[in-house]
Amino acid sequence: MKKTIFYIAFILSCNFSFSQVGIGTDNPQKDLHVAGTNSTIRIESLNSTNEPVLNVAPKLAPVYVTGDGDLTLNPPGFTTGGGVGTNEPLNFLISIPNFVPNGPFGDGTVVANPVGVTTAVNQIVSVPFSSPQEALIEVRYAMTIDLSDQFLPAAAASTFSDVSARTVRCYFYIDLNSDGLDATELSKRYGLHGEAYTSYVQGSVGYAFIHGVGYGNIPAGNHSLVFYGETADGNNRDTYVGFGGSSDYLKIRIYN
């Protein structure tokens, strides 16, 4: 009987002693306690060799905890296929400086609004890009605009002196698959921005700026951003606007 009691007491004592594990400490406060101001934990199954897609050195990779308490690099919903939120993380920037051709006289692409016309619209430029998977795009653009009351493109612009207002707008469409804009794509304008200009004899010749930002969802594939310029004025006014004649930029961020 005495031996039996001794063995039971020894087993209970072992279970209690090993219920908490301490590394660098004799007094662990949790089930696993790693002590020391310079202490670290290494899990080789999560390193860049074993997880080359989600752990790309030298960048730090976030670690997630599953419902079972397991540590993983896989973000919520991660798979090798599917839609937005289920693919591997995607985030890259396409930067295109001077994306609008300057033209022969630095007037860019001209939208002409002569006498008898109150509103004019013209395509400025089409910019192709590609996405490896379904994603969200953020588009930011800025371009110069050159306004004149005489025909453009020309070696020199002419200032307005008719005490009249003009409006200038810029926006873009997303041509999915770069197969031409259909009715659905033409119904969605992105990055719309407008400016209004009034004038008198003291006006000066020079460039102004117009800019905008827009967001849209795209499938995987080759697509295009199609930029348009628009002007409006009075019925008996001459207005010529050159879009992108000098400095301009386009930034496309693709992410999920």
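Using a Förster distance of 22 Å, how high is the FRET efficiency between Val121 and Glu195, based on the Cβ-Cβ distance and rounded to 0.05? Before the final figure, lay out each step's value.
Details: r = 16 Å, r/R0 = 0.71.
For R0 = 22 Å, the calculated efficiency reads 0.90.
Can you give the accessible area per residue of the stretch 161-256, in Å², using a 1.4 Å probe?
On the way: 4630 Å² over 96 residues.
I get 48 Å² per residue for this part.
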Identify all aspartates and glutamates with a Cα-Cα distance to Lys251 below 14 Å; exclude those on the same chain that are fewer than 8 residues away in sequence.
Glu138
With Rg from the Cα atoms and Rh as the Kirkwood inverse mean 1/r over Cα pairs, the stretch 83-190 has an Rg/Rh of 1.05
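Please give the contour-minus-distance gain from Lys251 to Ile23: 0.36 nm per residue of separation, less the Cα-Cα distance, rounded to one decimal in nm.
On the way: separation 228, 0.36 × 228 = 82.08 nm, distance 5.02 nm.
Taking Lys251 through Ile23 to full extension adds about 77.1 nm, to one decimal.
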Taking all protein chains as present, what is the carbon and sulfur share of the accessible area of the stretch 111-216, in % to the nearest whole number, probe 1.4 Å?
53 percent
Specify the inter-centroid distance of the stretch 131-188 and the stretch 18-77, based on alpha-carbon positions, in whole Å.
51 Å
With DSSP loop assignment and no more than 11 other C-beta atoms within 10 Å, the chymotrypsin sites (Phe, Trp or Tyr not before Pro) in the stretch 165-256 are Tyr200
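The values are calculated or read from the model by the stated rules, or taken from the named source; none is laboratory data. Just so you know, these numbers come straight off a predicted model, no measurement behind them. So basically every Cβ, Gly included, is an ideal-geometry build from the backbone, and we count neighbours across all protein chains shown. For accessibility, only protein heavy atoms count, side chains too; no ligands or nucleic acids. Shrake-Rupley method; radii C 1.70, N 1.55, O 1.52, S 1.80 Å.
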